[in-house]
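This report refers to the structure that appears directly beneath it.
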Amino acid sequence: MTDTRNGAPRTAPIQSATFSNPVNAEIRRAAATGIYDIRGGGAKRKVPHFDDLLFLGASMSRYPLEGYREKCETSVTLGTRFAKTPIQLDIPVTIAGMSFGSLSAPAKEALGRGATLAGTSTTTGDGGMTKEERGHSNKLVYQYLPSRYGMNPDDLRRADAIEIVVGQGAKPGGGGMLLGQKISDRVAEMRNLPKGIDQRSACRHPDWTGPDDLEIKILELREITGWKVPIYVKVGGARPYFDTTLAVKAGADVVVLDGMQGGTAATQDVFIEHVGQPILACIGEAVRALQDLGLHREVQLVVSGGIRSGADVAKAMALGADAVSIGTAALIALGDNDPRWEADYNALGTTAGAYDDWHEGRDPAGITTQDPDLMKRFDPVEGGRRLNNYLRVMTLEAQTIARACGKNHLHNLEPEDLCALTMEAAAMAKIPLAGTDWYPGKPGTSY
Ligand SMILES: Cc1cc2nc3c(=O)[nH]c(=O)nc-3n(C[C@H](O)[C@H](O)[C@H](O)COP(=O)(O)O)c2cc1C
């Protein structure tokens, strides 16, 4: 074939990197419908992440621990600053807040079962506390959200900790969404909403406008709960140094920091992909804030956003976190996006591993749905067993790495155990680039 302009041989057609096929398909979808895209899950674009860090391990200058004979502890206590009864966990991997409404009641029960078997906590979410989840969770954190859906003082007193949600990594500055398809009788009753009508919850809490009155709200919650339970403050990865400082000033016992890869049940795709910072860039800044306040380790830091394995857990802890929390990975462990439902995913126009229309309530795995028939596909006992197995594997993996770094507790992992594979990761995490003792912006260097 020849080029019509100059008669030279024609090159193969070239797709534009800017106007790629997926970009063009989204333009056509928007043009056809006039509706922005809503979905669940976290950012799908590749951003610097824990994969861009490696552990150095021990050799001559560091002494490893023997896996079969020497212990590597994993316990963590959250809420040591003010709470009379801090939360004691066997492992530093907690289950993140996921709403009843976005998830089915049996899925919430399974999260409680799995977390309890593994010796860790789970968290309620927008939409309140279900009896199934409370009943099967040894340690349950109760979320206090801008929407106030499902909020009642009796449930505050039934909780083992309270998490004030200021924001989420998937949508810092945004509120929740629950579409009408998922507002069943029970969800409507718990949220005090009409059945079947789309709901968008507030992005700002109506009870305070800033850290000064958040401090008053925290005191109120402490009085309601007799100063017993820890108060966490959860923020999305926006300005982690200042957000952590202000959360601590307002009186938080624990700061929960959720990076941009963090999952959501439903929000605009443009929000998920374009707002917030990767968790890798946030942890060091939050740790620096706690260190500047002299409160690192006294106010605990729990981080989340794309945590998948024991290696991710160990890396987050080496960067200074006290614990991590998981949402998406826990759902996958329960059976979300499992290839055994491939024919059903195909019928919905998608495939296992890519299904993210959680807002539609048609989840073939019966997890992100309120449809009674789909819910029957999910067994909460089996789900709990699978989640416990997964948490156990993550813990064993993190221990394996910590021992190889010569550490007898996961908390003893430190930035010094890490190197970065890319300049971006080195700059964001302030970890030396592999083979050097330097990272971009290192104090005392001019570049
Ligand atoms: C299905 C689903 C529902 C969620 N619901 C809530 C919620 O009600 N409140 C909240 O603070 N965060 C919510 N989140 C966010 C999680 O608490 C957590 O920040 C996030 O999932 C962590 O990132 P990961 O999914 O990559 O582990 C939800 C996440 C998912 C996947």
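The values are calculated or read from the model by the stated rules, or taken from the named source; none is laboratory data. Keep in mind it's a predicted model, so treat the numbers as computed, not measured. Cβ atoms come from the backbone with ideal geometry, glycine included; neighbour counts cover every protein chain shown. We work out accessible area using only protein heavy atoms, side chains counted, and drop any ligands, DNA or RNA first. Shrake-Rupley method; radii C 1.70, N 1.55, O 1.52, S 1.80 Å.
In the chain, the DSSP beta bridges split such that about 25 percent are antiparallel, to the nearest 5. Ordered by solvent-accessible area of protein heavy atoms (1.4 Å probe), largest first, the residues His359, His136 come out as His136, His359.
Packing here is the average count of other Cβ atoms within 10 Å per residue, and on that basis the peptides 317-324, 198-205, 10-17, highest first, run 317-324, 198-205, 10-17.
The percentage of C-alpha pairs in segment 379-446 whose separation is greater than 20 Å is 52%. For the pair segment 304-329 and segment 389-435, the centres of their Cα atoms are 10 angstrom apart. Mean projection of the Cα convex hull over all viewing directions, computed for segment 50-429: 18.2 nm². Which whole-percent values make up P(r) of segment 87-166 when all C-alpha to C-alpha distances are grouped in 10 Å steps starting at zero? Answer for segment 87-166: a P(r) of 22, 58, 20, 0 percent. Taking every C-alpha pair closer than 8 Å and separated by at least 6 residues, the mean separation divided by the residue count of segment 266-335 gives a relative contact order of 29 percent. Ranking Trp438, Trp227 by solvent-accessible area of protein heavy atoms (1.4 Å probe, all protein chains present), from largest to smallest, gives Trp227, Trp438.
Among Glu414, Glu223, the order of accessible area from largest down is Glu223, Glu414, computed with a 1.4 Å probe on protein heavy atoms. All alpha carbon pair distances within segment 181-238 were sorted into 10 Å bins beginning at 0; the resulting P(r) in whole percents reads 19, 30, 32, 19. Our summary gives segment 61-206 a relative contact order of 17 percent, counting only alpha carbon pairs under 8 angstrom and 6 or more residues apart. Within the same chain, lysines fewer than 8 places from Lys376 are excluded, and of the rest, those with a Cα less than 27 Å from its Cα are Lys108, Lys131, Lys139, Lys182, Lys195. Our summary gives the chain a relative contact order of 22 percent, counting only alpha carbon pairs under 8 angstrom and 6 or more residues apart. At 1.306 mPa s and 10 °C, plugging the Kirkwood radius over alpha-carbon pairs of segment 249-317 into Stokes-Einstein gives what diffusion coefficient in µm²/s? Value of D from the Cα-based Kirkwood radius: 120 µm²/s. Each 5 Å bin, from zero up to the one with the longest distance, holds this percent of the alpha carbon pairs of segment 7-46: 6, 16, 16, 21, 17, 9, 6, 5, 4, 2.
Think of each Lys and Arg Cβ as +1 and each Asp and Glu Cβ as -1; about the Cα centre, that makes the dipole of segment 50-429 roughly 820 debye.
Cross-link reach is defined here as a Cα-Cα straight distance under 23 Å, omitting same-chain residues fewer than 8 places apart; for Lys46 the lysines meeting it are Lys171, Lys315, Lys430. Protein heavy-atom surface of segment 50-429, 1.4 angstrom probe: 52% of the accessible area is carbon and sulfur, with nucleic acids and ligands not counted.
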